[in-house]
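Beneath this line is the structure, given in structure tokens, with notes to follow.
The values are calculated or read from the model by the stated rules, or taken from the named source; none is laboratory data. Remember, it's a predicted structure, so these values are computed and weren't measured experimentally. All Cβ positions, even for glycine, are placed from backbone atoms using ideal geometry, and neighbour counts span all protein chains on display. These accessible areas exclude ligands, DNA and RNA; they are computed on the full protein's heavy atoms, side chains included. Shrake-Rupley method; radii C 1.70, N 1.55, O 1.52, S 1.80 Å.
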Amino acid sequence: MKEHPQKIAIIGLGYVGLPLAVEFAKYFPVIGFDISKKRVEELNNGIDHTLEVETSLLQSVSLRNNPSGIGLHCTHHLADITDCNIYIVTVPTPVDKNNRPDLTPLYKASETVGKVLSKGDIVIYESTVYPGVTEEECVPVLERISGLVFNQDFFCGYSPERINPGDKEHTVSKILKVTSGSTPATAETVNNLYKKVIIAGTHMASSIKVAEAAKVIENAQRDINIAFVNELAKIFNKLSIDTHEVLAAAGTKWNFLPFKPGLVGGHCIGVDPYYLAQKAQEMGYHPEIILAGRRLNDSMGGYVADEVVKLMLRKGISVKDSNILLLGITFKENCPDVRNTKVVDIVTHLQSYMANTTIYDPWANPAEVKHEYNLECTNTLPEDKKYDAVILAVAHREYDFATIRKYCKENCVLFDVKGVWDKNNVDARL
């Protein structure tokens with residue numbers, strides 16, 4: 001393996017890659033590589049549309065402002081990463097329309113790295129995968145494209161991302177990092193590399209597969225716990241009991257886990273369990289709890305829409321041609337990320353009732369929403385319109401109840417998915 005000085009290439013400059021590149025750029029020469037020319041140009045001008053990194057910080061670590069050679073330069077040109085010796089892959093790992101793992105971005109990123117790989121280089125993967133993907137899927141691509149031999153000419157590591165989009169408290173450097181390597185020496189090198197930037201510390205796993213498995217079960221565990229409270233919400237709704245009051249009472253016990261009901265979308269919790277399930281099925285085991293949790297959580301958008309329709313009918317409101325306001329389209333609050341948002345399920349379900357829906361989200365990019373879901377989204381509310389129903393789907397800080405109430409008709413149905421408004425002010429909450 002090559003020794004210092006280390007020059008790092010980050011492959012993929014999204015929610016995971018960019019914050020990581022910025023942290024490394026405080027100590028190393030870093031080249032951020034992304035296939036999007038527009039994204040690269042924005043970042044080199046100090047603009048991050050994901051809002052994960054502030055302009056001042058981007059500018060402070062920019063290579064153009066650091067003549068010492070330590071800093072970040074973003075590019076879409078392959079030639080710019082040929083002299084790097086550490087390659088960190090941070091591309092997304094989605095599922096297809098049948099909820100099967102789609103490793104295409106990972107394959108393409110591995111092909112990109114393979115074209116510039118040299119003897120002694122280390123390739124580290126951060127993308128969430130099922131156990132075995134790094135060594136059984138990615139390494140063969142690297143070997144085929146580069147002509148080099150794994151663990152002889154080049155080496156690999158795996159350090160799963162733990163980015164929480166929109167969270168300004170638990171940033172990348174403040175979250176303990178799991179690391180691993182394809183050989184003991186590589187594991188040490190990878191661990192020491194991350195220790196340089198992760199102030200929360202590191203945990204060196206015994207193997208790449210252990211690190212891969214650790215990541216995928218983190219989100220599967222959260223998914224199952226949320227599915228449990230979502231099922232409770234359905235049960236307590238039939239019993240006319242407020243779920244949030246039940247959880248508050250149960251939460252007085254020291255070891256009760258504080259999960260809340262809601263929509264489970266995004267790039268991690270709503271996706272990762274399918275990766276583990278896929279691998280289990282390949283090995284001849286049908287996972288029951290994992291897939292049951294997924295089915296229940298994936299049903300919540302339709303459930304919310306049905307409950308709103310029931311409330312409208314009880315109030316004598318005709319659902320057909322009604323006007324319903326959806327507050328939020330991103331997958332979580334105070335964040336512009338719309339990947340795998342389950343609010344879309346509410347919208348499509350309401351449209352099946354022939355209701356008219358208006359999506360108001362001050363954080364989302366309307367062009368991105370249109371491109372990804374073919375839905376119209378607005379960043380501002382029309383002043384002269386009132387609605388038959390309002391659904392608080394995402395708890396953005398901008399959704400002040402008193403302001404939103406002005407857009408409601410006298411007999412309006414108010415449904416609080418997130419449970420953040422006073423229960424006395426709404427017709428129902430999840």
>> Contact list please: Cβ distance under 8 Å, first residue in segment 35-50 and among the β-branched types (Val, Ile, Thr), second residue in a helix (DSSP H, G or I), pairs at least six apart or on different chains.
In response: Ile47/Thr55; Ile47/Leu58; Thr50/Leu18
> Is at least one residue of segment 262-270 under 26 Å from Thr179 (Cβ atoms) and among the β-branched types (Val, Ile, Thr)?
Replying inline: yes
> What number of residues within segment 259-285 are open to solvent by 40 Å² or more (accessible area, probe 1.4 Å) and among the acidic types (Asp, Glu)?
Replying inline: 1
> Taking segment 157-200, which residues are of a type outside the set (D, E, K, R), open to solvent by 30 Å² or more (accessible area, probe 1.4 Å), assigned to a helix (DSSP H, G or I) and without any contact (Cβ under 8 Å) to a residue 24 or more places away in the chain?
Replying inline: Pro184, Asn192
> Under the condition of being open to solvent by less than 30 Å² (accessible area, probe 1.4 Å) and not in a helix (DSSP H, G or I), which residue from segment 26-46 is nearest to Asn334 (Cα to Cα)?
Replying inline: Gly46
> How many residues does segment 201-215 contain that are open to solvent by less than 50 Å² (accessible area, probe 1.4 Å) and either of a type in the set (Ser, Thr, Tyr) or over 21 Å from the mean Cα position of the chain (by Cα) (or both)?
Replying inline: 5
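Each row is one residue, and each column tells you yes or no for (1) closer than 24 Å to Asp153 by Cα; (2) open to solvent by less than 80 Å² (accessible area, probe 1.4 Å); (3) under 18 Å from the mean Cα position of the chain (by Cα); (4) at pLDDT below 95.
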| position | (1), (2), (3), (4) |
| --- | --- |
| Ile11 | yes, yes, yes, no |
| Tyr15 | no, yes, yes, yes |
| Phe24 | no, yes, no, no |
| Asp48 | no, yes, yes, yes |
| Glu54 | no, no, no, yes |
> Which members of segment 76-109 meet the condition of being assigned to a loop (DSSP other than H, G, I, E, B), open to solvent by less than 40 Å² (accessible area, probe 1.4 Å) and out of contact with any Asp or Glu (no Cβ under 7 Å at 6 or more places or on another chain)?
Replying inline: Cys84, Val91, Thr93
> Just checking, how many residues over segment 222-236 are surrounded by fewer than 17 Cβ atoms within 10 Å (Cβ to Cβ) and at pLDDT below 95?
Replying inline: 0
>> Here is a list: Val139, Val113. Which entry is within 24 Å of Ser36 (Cα to Cα) and of a type outside the set (Asp, Glu)?
In response: Val113
> Taking only pairs six or more apart or across chains, which ones have beta-carbon atoms under 6 Å, a first residue in segment 404-429 that is within 20 Å of Arg314 (Cβ to Cβ) and assigned to a loop (DSSP other than H, G, I, E, B), and a second residue that is open to solvent by less than 70 Å² (accessible area, probe 1.4 Å) and at pLDDT below 95?
Replying inline: Val417/Leu430; Trp421/Phe401
> Pick from Thr348, Thr380: which is open to solvent by 10 Å² or more (accessible area, probe 1.4 Å) and either in a helix (DSSP H, G or I) or aromatic (Phe, Trp, Tyr) (or both)?
Replying inline: Thr348
> Applying the selection to segment 365-377, what residues are open to solvent by 50 Å² or more (accessible area, probe 1.4 Å) and without any contact (Cβ under 8 Å) to a residue 60 or more places away in the chain?
Replying inline: Ala367, Glu368, Lys370, His371, Glu372, Tyr373, Asn374, Glu376
